[in-house]
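The values are calculated or read from the model by the stated rules, or taken from the named source; none is laboratory data. Keep in mind it's a predicted model, so treat the numbers as computed, not measured. Methodologically, a virtual Cβ is constructed for each residue, glycine included, from the backbone with ideal geometry; neighbour enumeration extends over all protein chains shown.
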Amino acid sequence: MPLGMRQGGRSRCLFLFGDYPLVTSTPSCAILYQNCGVVSLLEMLQLYADMFLRQFAKVNKVETMCATVAAIRPGEIVPAERCAELYASIGVFGGLCGRHGLASPASKCTRISRALENRNMQVSYAEVNHWLIDLRERFEDDLGAEIFLHLSADEAKYYSKPDEEWTTAISRFPKIRHDVEECSKCFALQRYAASLFHALLVAEFGVIKVAELFGVSGDKPGWGALDRLQKINEKKWKAKTSVEQKHAEFLKNLLPLAIAIKDSWRHKISHVDNKLEWMDTDFSPKVAGEIISATRGFMRRLAEGLPK
């Protein structure tokens, strides 16, 4: 059985097939494309997966037709034009299976294609029916071995385009790309504590960069530098160094964002000896989204204003 997530009383699943998501939003046992003979293992796939279903439906139609003819005239030869159509459909379907790791049906498609070539498209309805039954069963078996999850449209966007809203920050600080992408993907998969772990590493990177500008990184660069930056901001103008005066406005505008980020997790995470240790990993999507949004704004402001 596929691994699913309950939402609104309905079991919804998504299987990420490479670049293509296959989606279901129905708990029923209604068979999709029933008139084409698509079998129960495809019940979990809805029309968002039409690139697979369309091709499989074509092949399945031929199976149904061949079964009917073979039952009456088993030795009858399939017309060449129909064989050519089957050859094309098998080629496309086999390519899709191969691309997405469905090795057994992909191998069967290759065998069918070679048989059609070697026989000069001269095969009987009974033979084609036998081939396509085997292909369908292989396809069912390979699909049945996979795990299925669901992503909403918004979640799928975070997963497929994890850095879309971070381009300014990543362009300036390429090192944060990995944590940005992991943050977005974990958020999409509803692993909110994990997404915040990566978001806070990104924000901490930003705090370190600001601390470097003002020369207050300390022995253990990290969130601890935020207190030192606050003290600089609170200094009287005459007590500030030339660097502190030069970038005073920049620091004044940036600090509230950094402090807001730190305050948002201070009751969930302990910051001891420059390490983040979770006390409570139960984050709601709203809270996680707010912290990530604040981090994104902080890093964008830093990317645009930090002197190079």
*Segments classed as strands (runs of 3 or more DSSP E), wholly inside segment 1-108, with at least 3 members that are charged (D, E, K, R) and at pLDDT below 80*: none
*So which helices (runs of 4 or more DSSP H) stay within segment 109-180 end to end and still have 3 or more residues that are farther than 30 Å from Lys308 by Cβ and not polar (S, T, N, Q)?*
125-144, 153-160
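Please find, among Pro162, Pro174, the residue that is exposed (fewer than 13 other Cβ atoms within 10 Å of the Cβ), more than 24 Å from Phe52 (Cα to Cα) and assigned by TED's automatic domain parsing to the domain that holds Lys262.
Numbers: Pro162 fails: exposed (fewer than 13 other Cβ atoms within 10 Å of the Cβ).
Just a single option satisfies the conditions, and that option is Pro174.
Quick check: anything in segment 161-171 of a type in the set (Val, Ile, Thr) and touching a Leu at 6+ places or on another chain (Cβ under 8 Å)?
To start, the set of residues in segment 161-171 that are of a type in the set (Val, Ile, Thr) comprises 167-168, 170.
Still in the list and also touching a Leu at 6+ places or on another chain (Cβ under 8 Å): none.
Within segment 161-171 (the criterion being of a type in the set (Val, Ile, Thr) and touching a Leu at 6+ places or on another chain (Cβ under 8 Å)), the answer is no, since none of the residues qualifies.
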